[in-house]
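Peer 1: The following block contains the structure, expressed as structure tokens.
The values are calculated or read from the model by the stated rules, or taken from the named source; none is laboratory data. Remember, it's a predicted structure, so these values are computed and weren't measured experimentally. Virtual Cβ from ideal backbone geometry, glycine too; neighbours counted across all protein chains shown.
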Amino acid sequence: MAALPLRALTMRQLQFFSVLVEEGQFGRAARRLAITQPALSNAIKQMEKLLGAELLTRSTHRLELTPVGAEVLARTDFLVNTFEVALRDIESTVQRGRAFVRVGVIPSASARVAAAVSEFLQQNGQREVELAWRDAPSTTLLAELRSGQLDMAVAAITEPPGGLTCVDLFRDPLVLVVRRDHPLAAAGDANWEAIGKERLVMFESGSMPALGNPARAQFAQGAEPYRVSYSETLYALVRSGQALGLMPRLYTASLRDPELVVVPLQKPRIERRVVLAYVPGPMRNVVAQELIALLRNRLPQAEEPRSRRVTRGHPLDAIRRRR
């Protein structure tokens with residue numbers, strides 16, 4: 001059980017601390033909170049007195065978190081975000097008769113997740129659920145999940161993230177995107193050695209560095225790959241003949257370009273894990289629990305995107321049949 005002085009902390013004090021760290025300066029934080037600067041300073045001092053530890057080091061121009069302050073901030077942000085969302089829950093339920101659920105998703109998996117959520121809404125009635133959508137890279141989604149800004153997230157991982165429950169949904173292998181006149185397009189599939197010294201283009205963030213770089217090193221790939229942020233740029237470089245595209249297969253599900261071909265990449269077959277992640281413990285509302293249960297069952301059953309080129313007797317066909 002927490003000591004009595006610590007139980008004297010208020011949500012208002014926690015909100016003040018969170019905003020102060022975000023703004024980085026007492027004056028700006030006070031204006032945002034619509035209070036005086038001395039009132040804000042006194043609230044932070046009272047927090048430190050109750051906690052028995054210094055949270056911030058103060059200087060003329062900036063504030064810095066102490067090690068204890070950084071730990072307190074992570075928990076403060078979670079409490080503040082959860083509190084604010086709980087208030088929105090109450091407002092949504094009382095005024096509109098709806099439950100409020102926040103869903104995060106990586107863009108490449110958005111089609112599958114949206115289809116599953118649509119099925120959920122049809123089962124539960126459109127007017128009973130209010131959804132907030134957040135699309136972002138996996139690292140951002142997992143951070144917002146930990147801070148209480150999301151109820152669940154469909155994300156891609158290479159290692160299990162600490163502090164979260166992760167349910168494996170499916171595997172998403174790396175593929176090549178090549179021009180239709182490239183020799184690998186006619187071959188129907190490729191291995192890493194077949195890439196040879198050709199330059200690759202790949203995403204600069206997300207799971208791609210962790211997935212693609214070790215394979216490139218193992219097979220002594222040639223020139224350093226181009227690194228881009230968006231699939232449109234990747235496709236443009238492939239289309240112009242400057243590189244071969246290396247990307248997770250999910251991204252190619254919406255590719256409709258007669259000049260480009262998606263080629264399965266084997267030996268080794270490298271995959272990222274797509275998971276449903278959420279904070280362990282009690283959920284804010286029953287509807288969020290029910291949606292998580294549906295996504296856990298529905299998403300692994302979703303049909304995987306097919307290659308843009310069909311070959312007879314391809315090894316992936318047997319894998320798909322077993323699934």
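Peer 1: Look through ALA39, ALA74, ALA29 and report the one residue that is at pLDDT 75 or above, in contact with a helix residue (DSSP H, G or I) (Cβ under 9 Å, 6 or more places away or on another chain), under 28 Å from LEU145 (Cβ atoms) and exposed (fewer than 15 other Cβ atoms within 10 Å of the Cβ).
Peer 2: ALA74
Peer 1: Just for strands (runs of 3 or more DSSP E) wholly inside the range 198-270: which have at least 3 residues that are modelled with pLDDT of 85 or more and in contact with a Lys or Arg (Cβ under 8 Å, 6 or more places away or on another chain)?
Peer 2: Working: elements: 200-203, 226-228, 244-248, 260-266.
Hits in the range 198-270: 200-203, 260-266.
Peer 1: Also, quick follow-up: Among the numbered criteria (1) surrounded by fewer than 21 Cβ atoms within 10 Å (Cβ to Cβ); (2) part of a strand (DSSP E or B); (3) touching a Ser or Thr at 6+ places or on another chain (Cβ under 9 Å), which single criterion is violated by PRO173?
Peer 2: Condition (3) is where PRO173 drops out.
Peer 1: Among what's in the range 251-266 and is of a type outside the set (Gly, Ala, Ser) and over 21 Å from ARG216 (Cβ atoms), pick the residue that is nearest to the chain's Cα centre (by Cα). Full working, then the answer.
Peer 2: At the first step, the residues of the range 251-266 found to be of a type outside the set (Gly, Ala, Ser) are 251-252, 255-266.
If we keep only those that are over 21 Å from ARG216 (Cβ atoms) as well, we get 255-261.
Numbers: LEU255: 22, ARG256: 25, ASP257: 27, PRO258: 31, GLU259: 31, LEU260: 28, VAL261: 28 Å.
The selected residue is LEU255.
Peer 1: Next question. Only one of (1) surrounded by fewer than 17 Cβ atoms within 10 Å (Cβ to Cβ); (2) at pLDDT 85 or above; (3) outside any loop (DSSP other than H, G, I, E, B); (4) of a type in the set (Gly, Ala, Ser) is not met by ALA53, so which one is it?
Peer 2: (3)
Peer 1: Checking HIS182 against (1) within 24 Å of the chain's Cα centre (by Cα); (2) more than 30 Å from ASP77 (Cα to Cα); (3) at pLDDT 90 or above, only one condition comes out false. Which one?
Peer 2: (1) is the only condition that HIS182 fails.
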